[in-house]
Amino acid sequence: MAETGTKPRIKSVPKTAKRPLHKVILVNDDFTPREFVVRLLKAEFRVPEAQAAVIMLTAHTKGACVVAVFTKEIAEEKANRATELARSQGFPLLFTTEPEE
């Protein structure tokens, strides 16, 4: 039996597209107590107290700060839940989301 000189084909496995990531952003306000913001960040985003304090202070001085990055659905859920928790306590604290570039 003679060889034809062709190489065996390698099956290519299609790659699944990565799900787009979204940033959760804490928007500063001048009414929500700092201690509440830190507690909320620890509870909803599971960040250590020191990191929560840095996020809170960054938002306070710069007007906003990225809290974390998640898939779109999780980012929106966490941002909405955190905002609603603040509102239920009478605070105007706002969390938003935007696509990560």
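Bear in mind these aren't lab numbers, they're just calculated from the coordinates by the rules spelled out. All figures in this text were calculated on a predicted structure; none of them were measured in a lab. Here the Cβ is made from the backbone with ideal geometry for all residues, glycine too, and neighbour counts use every protein chain on show.
Once the C-beta distance of Asp30 and Thr58 is scaled by a Förster radius of 22 Å, the resulting FRET efficiency is 0.90 to the nearest 0.05. Here, P(r) means the percent of Cα pairs in each 10 Å bin from 0 to the largest distance; for region 32-99 it is 21, 59, 20. With neighbour counts taken as other beta-carbon atoms within 10 Å, the residues Glu101, Glu44 rank, fewest first, as Glu101, Glu44.
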